[in-house]
Amino acid sequence: MLSTVPAAASVLLARTPARAAAQPGPTAGWLAPFQTDVQRLIDASVGSTAAWDRLAELCDTFGGRLTGSRNLELASDWAADTMRKDGLEQVRLQKTLGPRWVRGAESLEIVTPVPSPLVMLGLGGSIATPEAGVTAPLVVVRSFDELNTRSSEIPGTIVLFDVPYTGYGPTVAYRANGAINAARHGAVAVLVRSVGPMGLRTPHTGGMSYLQGTPRIPAAAIPIEDAQRLARLVARRVPVTLRLRMSAQTLPDVESANVIGEIVGREHPEEIVLVGGHFDSWDPAGGASDDGVGCIVTWEAARLMKVLGLRPRRTVRVVLFTNEENGLRGALAYRDAYIESASKHVLALESDIGVFEPMRLGFSGNDRARQMMAEAVDLLRPLGFPPLGPGGGGADIGPIAQVGQVPAMALAGDPTKYFQIHHSPADTVERIDPKEMAKAAAGIAVVSWIAAEMDTPLPR
Ligand SMILES: [Zn+2]
């Protein structure tokens, strides 16, 4: 996920009330012709572990997939080959340049009062420390305001932003801009309390920023537990000195790629239903929930159509975007390459907020289109999907959707479970439930099938 939450997603992130599988109301008349194929798509997905097995293969084989890494490059080739084996058509790697940040070796330790190692993860984009590391006294603050108020204490120190998690949007500002603010006051390095709810001493990495004209200082995240330990020491007026060692580098841009595969439409191949997620991930684990699962459930939606021999009127296009985490180069490259056909995109759906129950589908578009999509989502009530919510869209489909005024959807899971492992070593396939993945794939298959098969495109 980006450093700021796209408006659409924040609406969708609002806590989703758990809901028993409600009996669907009467099916809207225009949907009657779809019911048989809708049920076939649901039956083909629910009960299958195909999606989970594929996610496990992705994460086990390629691990973390940072943009510019060999891991992502090989995973992209694997995805293209596997799409071809699934029978998807026009499979291609849409090349684009991407940043290459490399983590290298890193560590953090308490030097005084008593030497003791701490858990840390360097933030994406951070510079390295000198080889011997940075050793300096610690100052703990809980906000940018407190930092500014205590400006005279900051020169030559390591600043820790010990900011409690109050939701991703407000809290991530410290990860993104902590180094800029601390450097302005003369700090030599910055630490941030991991952005997420309490975990099990898991550090959460993620992108950070520098500002032209402000000194660049090394930046890292530490688990909530380590931040609170340091804050307690300081609160007891114990002087604390830390040593941070980082050897991160930003190397020249390298070639990366969006992985694209399609089911070409039988009547209107030029009209596109776009589904996807981002294939890059941070490196501490395999990026199972961010965003391997989003890539696999959207891809699975198309695979299910192939398995059932369904070829819709319009083209269903699966895009596994590169570089969502630190630059959006994949999303921008897709927009730039398909700008001519932006208005021919009849629906764009992204999954990049996890696949955890309770999950929900959100939509952004005009009222008529919303009504129709709400009726389509009502067909998913037996699976336990709640009524269609607000907030379609996402970081990767955002650029093309904006240019083409494309009706947009998003699948979002329970944000607490998502942010508990987000960008951390705990983001592994063990956190993902095969049944929930099958349900998500079924939901996406149904709404994208209907949007690709309906007589006329969704109104916009
Ligand atoms: Zn993500």
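Here are some conditions: (1) away from the ligand (no atom under 15 Å from the Cβ); (2) touching a Phe, Trp or Tyr at 6+ places or on another chain (Cβ under 7 Å); (3) under 30 Å from LEU121 (Cβ atoms). VAL429 meets all but one. Which one does it not meet?
It fails just one condition, (2).
I'd like to know if the stretch 287-301 contains one or more residues that are surrounded by 24 or more Cβ atoms within 10 Å (Cβ to Cβ), more than 25 Å from THR61 (Cα to Cα) and touching a residue at least 40 places away in the same chain (Cβ under 8 Å).
No, the stretch 287-301 has no match at all.
Within the stretch 254-284, work out how many residues are closer than 21 Å to ALA440 by Cα and either open to solvent by 10 Å² or more (accessible area, probe 1.4 Å) or aromatic (Phe, Trp, Tyr) (or both).
Looking only at that region, the number is 1.
Can you run down the residue pairs with Cβ atoms below 8 Å, 6 or more apart or on separate chains, where the first is in the stretch 335-362 and assigned by TED's automatic domain parsing to the domain that holds GLY391 and on the phi > 0 side of the Ramachandran plot and the partner is open to solvent by 10 Å² or more (accessible area, probe 1.4 Å) and within 16 Å of the ligand (Cβ to nearest atom)?
GLY354/PRO415; GLY354/LYS417
Quick check on this structure: which one of ARG193, ARG175, ARG184 is of a type in the set (Lys, Arg), open to solvent by 40 Å² or more (accessible area, probe 1.4 Å) and modelled with pLDDT of 95 or more?
Working: ARG193 fails: open to solvent by 40 Å² or more (accessible area, probe 1.4 Å); ARG175 fails: open to solvent by 40 Å² or more (accessible area, probe 1.4 Å).
One residue alone meets the criteria, ARG184.
Of a type outside the set (Lys, Arg), open to solvent by less than 30 Å² (accessible area, probe 1.4 Å) and in contact with a Gly (Cβ under 6 Å, 6 or more places away or on another chain), is that true of GLY207?
Working: of a type outside the set (Lys, Arg): yes; open to solvent by less than 30 Å² (accessible area, probe 1.4 Å): yes; in contact with a Gly (Cβ under 6 Å, 6 or more places away or on another chain): yes.
Criteria met by GLY207.
If I filter the stretch 427-434 for residues that are open to solvent by less than 20 Å² (accessible area, probe 1.4 Å) and β-branched (Val, Ile, Thr), do I get at least one hit?
Yes, the stretch 427-434 contains at least one residue that is open to solvent by less than 20 Å² (accessible area, probe 1.4 Å) and β-branched (Val, Ile, Thr).
Look at LEU304 and say whether it is open to solvent by less than 10 Å² (accessible area, probe 1.4 Å) and more than 13 Å from the ligand (Cβ to nearest atom).
yes
Restricting to the stretch 321-361, and then to whatever is part of a strand (DSSP E or B) and within 12 Å of the ligand (Cβ to nearest atom), can you tell me which residue is farthest from GLU436 (Cα to Cα)?
In the first step, residues of the stretch 321-361 are kept if they are part of a strand (DSSP E or B); the result is 321, 345-353, 360-361.
In the following step, the residues that additionally are within 12 Å of the ligand (Cβ to nearest atom) were identified as 321, 350-353.
On the way: PHE321: 23, GLU350: 17, SER351: 13, ASP352: 15, ILE353: 14 Å.
Across the stretch 321-361, the extreme among qualifying residues is PHE321.
Do we find that ASP336 is open to solvent by 20 Å² or more (accessible area, probe 1.4 Å), at pLDDT 95 or above and not small (Gly, Ala, Ser) in this structure?
Working: open to solvent by 20 Å² or more (accessible area, probe 1.4 Å): yes; at pLDDT 95 or above: yes; not small (Gly, Ala, Ser): yes.
The answer is yes for ASP336.
The values are calculated or read from the model by the stated rules, or taken from the named source; none is laboratory data. Here the structure is a predicted model, which means the values were calculated and not measured. Methodologically, a virtual Cβ is constructed for each residue, glycine included, from the backbone with ideal geometry; neighbour enumeration extends over all protein chains shown. Side chains included, ligands, DNA and RNA excluded: accessible areas come from the protein's heavy atoms. Shrake-Rupley method; radii C 1.70, N 1.55, O 1.52, S 1.80 Å.
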